[in-house]
Structure formats: structure tokens, C-alpha cells
Amino acid sequence: MPTCEVIREAVAKYNAENSRDDLALRSALTLIHSLPPSLGRFLAEVCLIADWGSIRLDGFPFRDRLAMAGEIETSWPLLETMRSWRAENWDAETLLLTRGVELLSSHSHLLPTPGVKNRQLSFISKYLHRCVNEAFPIWDGNARAAMDHENDETTWPCYSGWLICVRDEAAKHKACCLEQVGLPGESLVRTLDKALYIIGGEKKKRDQVG
């Protein structure tokens, strides 16, 4: 698991290299959020998040992005309630979010049968983090590499376990580094995700060379 020193350095590197892109993404999403669904709001969000996350078009083709946008629109009444989910107590908030994952599992088709490739947990986690609530952590190759997380099942139970794992890590590093290096108004999970993105990316490069 990454140390506080490694996290500090990784967040500093992320902010130096990606702050402009993050600001552009946030501005674009703010504009898109103001669109009504009839003007393609959810499809615009899907395409923006997918391309920001480097999800290749051949792995997430347009017809599947269109289907995903439809599922998001259908599930939006539930997703919208999660945008304001906060709790003063960190553990209580984690329980609230895991309950949200259970609700998504039983009341949505955002992640269908395991093995279906056109609906990606990586994308869903990025959508939850960027468009619903930053308290939901991103599940992707970099973050998993940084956390030495070997479970690659793309299911809701897998994501629920990942959510608990990442939030436990954020709680552990809250006082020693995350609160010190986080930007104003930035959630602990967002700050930690920046570190995991850098740490995991560098680890994958080392593994490829080795």
C-alpha cells in the first residue's frame, strides 16, 4: 500500500500534469449538467467520461454508449438522490454508499451479466465519481495496481468491496497527508484517486519493463 510520502509526491505530480485537464472536464460537465435529457445530456456525459478515461471506442462503441446513456436516464431518479449523500461520520457515509451500490445492483441494469463486455465497471465507477458523487471511488487498472488489488471481477459486489477498501485507505491517510495536499473543496477520495492514478501508472510501466 502507498505511504504518505509517496501519496504526497503523486498528488503533486498529478496536479502539475493534469490540473488543466481536470478543470476543463469539470467545466464541461457543469455545462452538460444544465442540458435537459431531451438534448442528449446523458449521452454527452457518457462520451465525455469515456474519452476522458481513455476507454477506447472499439472497446466501448457508440451503440453501446447510446445504450448506456439510456440506462443512466432510466436510473437517474436513484442516481440523483445519491448526489447529495453525505454523512458527518466517515464510516456511516461508507455504509450509505455501499447501500447505494446494493440499490444500483438490484434496481438498475448499468452492469448486466458478468462477462458482457459492453458495460464496463471502469466506466461506471468514473461516471459515479465524476457525475454523481466524488465519494464513490474510481475502479480502474491504475488504481487497482497502486492498491495491489487483484480481484478483476466487473460486478457490483466487486465494486462494493473496492469502495470499502479505498475509503478505508483514505481514512488511514486523512490526517497525515490527504488533508494537507488536497485542493480546496476536494474530497478525500478525489485526492487519493489522483495519487492512485500516478502510483499505479508508474508501477505498471515498471512491471512492463521488468
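Read-outs throughout are calculated quantities, based only on the coordinates presented, and are distinct from any laboratory measurement. Every value quoted in this text rests on a predicted model; they were computed, and no experiment measured them. Counting neighbours? That spans all protein chains shown, and the Cβs are built from the backbone with ideal geometry, glycine included.
Nearest 0.05, what FRET efficiency do Ser34 and Leu103 give at R0 = 35 Å with Cβ-Cβ as r?
0.85
Compute the FRET efficiency between Asp207 and Asp168 as 1/(1 + (r/R0)^6), taking r as their Cβ-Cβ distance and R0 = 35 Å, and round to the nearest 0.05.
Working: r = 25 Å, r/R0 = 0.71.
Efficiency, from the Cβ-Cβ distance: 0.90.
Select from the range 26-113 those trypsin sites (Lys or Arg not before Pro) which occupy a DSSP coil region and have at most 15 other Cβ atoms within 10 Å, ordered by residue number. Write out the running numbers ahead of the final one.
On the way: sites: Arg26, Arg41, Arg56, Arg63, Arg65, Arg83, Arg86, Arg99; in loops: Arg56, Arg83, Arg86.
Here the sparse-neighbourhood loop sites are Arg56, Arg83, Arg86.
Eight or more residues apart or on different chains, and alpha-carbon atoms under 19 Å: count the Lys pairs in the chain matching that.
12
If you average 1/r across every pair of different Cα atoms in the range 129-210 and take the reciprocal, what Kirkwood value do you get, in Å?
The answer is 13.2 Å.
Name all residues of the range 31-62 having a backbone nitrogen under 15 Å from the label point set 7 Å from the Cα of Trp76 along its Cα→Cβ direction, giving them as ranges.
The answer is 31-47.
So if I take the centroid of the Cα atoms in the range 27-45 and the same for the range 80-102, what is the distance between those two points in Å?
Each part's Cα centre sits 24 Å from the other's.
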